[in-house]
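I'd like to ask some things about the structure below.
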Amino acid sequence: MMPPLPEFSLQKVGTGKVRIGWVNPYGADLIQINVQRSYDSARGYRTMFSTPSPELPANGFVDNYAEGSKVYYRIFYMLSNNAYFFSKTKKIAPGYIDSSLNTSLNSADSISISLQDNNNIIAKLPYALFLKFRDSVYSNTKDSLLAVGQNLVVIHPYVPKAGEFRASQYMFTDRSGALNLRLPHAGEKKYALHVYEADGKTQLFFLKHITDSDLIINKSNFMHAGWFVFEIYEDDKLKERNMFYIQKEF
């Protein structure tokens, strides 16, 4: 069976596509999972995905990357007691396949895999056909597959939640916990930033005219750890409304 966090698996599932998969050994105590990517292995990590359902027994995410380059991935995860961890780094290069995705299933040609939806067996597939089905699910859907036995796989359909969190391409927290804001052509456009408490109504601060393309906001500006809501305006028009998480000091 695939090893649990802090281990995770990588597998190429198409040109410029890689699936990052993990098993959750903490149950409902796992409250946050961020998949982070870098092109230099030591720094420059950016969060590419933050799952809205970290409590699931197993899950995954398909990332698009620059084909032909060396890409490094790691997982940041947080528990309900505010303890947080980084996994070891894994590298993907052209032709790379992490066999840990397959270790929970017998790959013999004579083996059939049963697919279960809710409590019903919906199909039995030869192993080779199941592999094609699995890759199609990971590449084209947000559904997840969980191996619960040597020959049984359960399908968990993706159910979007209203207002669910999506990783921002403009705002992210770095390894030190500082908030990074990156705005293209900041000197040529009129940018403004509003930051609120998690209720989205109580405003903490407001930056009226941002001229730096790369701005770092120290976490000392926040009176507590937790989720915050932000709004970015470009030329007085809402560009993005999203959330970020400030980690607790130890």
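The values are calculated or read from the model by the stated rules, or taken from the named source; none is laboratory data. Small disclaimer: the values here were computed from a predicted structure and weren't measured. We place every Cβ from the backbone using ideal geometry, glycine too, and count neighbours over all the protein chains shown. SASA here: full protein model, heavy atoms, side chains in, ligands and nucleic acids out. Shrake-Rupley method; radii C 1.70, N 1.55, O 1.52, S 1.80 Å.
Right, Phe133: in contact with a His (Cβ under 9 Å, 6 or more places away or on another chain) and modelled with pLDDT of 75 or more or not?
no
Of the residues Gly44, Gly60, which is out of contact with any Cys (no Cβ under 7 Å at 6 or more places or on another chain) and open to solvent by 50 Å² or more (accessible area, probe 1.4 Å)?
After applying the criteria, what remains is Gly44.
To continue, here is another question. Out of the residues in the range 63-75 meeting the condition of being assigned to a loop (DSSP other than H, G, I, E, B) and either within 10 Å of the chain's Cα centre (by Cα) or charged (D, E, K, R) (or both), tell me which one is surrounded by the most Cβ atoms within 10 Å (Cβ to Cβ).
The selected residue is Lys70.
Pull out all pairs, ordered by first then second residue, where Cβ-Cβ is under 6 Å, the residues are six or more apart or on different chains, the first lies in the range 198-214 and is within 18 Å of Ile246 (Cα to Cα), and the second is among the aliphatic types (A, V, I, L, M) and surrounded by 10 or more Cβ atoms within 10 Å (Cβ to Cβ).
That search, which allows pairs on different chains as well, returns Gly200/Val229; Leu204/Val195; Phe205/Val195.
When the residues of the range 198-248 are filtered to those that are acidic (Asp, Glu) and farther than 19 Å from Phe172 by Cβ, which remaining residue is most open to solvent (accessible area, probe 1.4 Å)?
The selected residue is Asp236.
Pull up the range 1-41, narrow it to residues that are at pLDDT below 85, of a type outside the set (Asp, Glu) and not in a strand (DSSP E or B), then point me to the one that is surrounded by the most Cβ atoms within 10 Å (Cβ to Cβ).
Met2
Filter the range 220-231 down to the residues that are under 22 Å from the mean Cα position of the chain (by Cα) and outside any loop (DSSP other than H, G, I, E, B) and list them by number.
Result: Gly226, Trp227, Phe228, Val229, Phe230, Glu231.
With within 18 Å of the chain's Cα centre (by Cα) and at pLDDT below 80 as the only criterion, which of Tyr138, Tyr84 stands out?
Tyr138
Can you work out which of the residues in the range 11-60 that are over 20 Å from Arg134 (Cα atoms) and hydrophobic (A, V, I, L, M, F, W, C) is farthest from the chain's Cα centre (by Cα)?
Ala42
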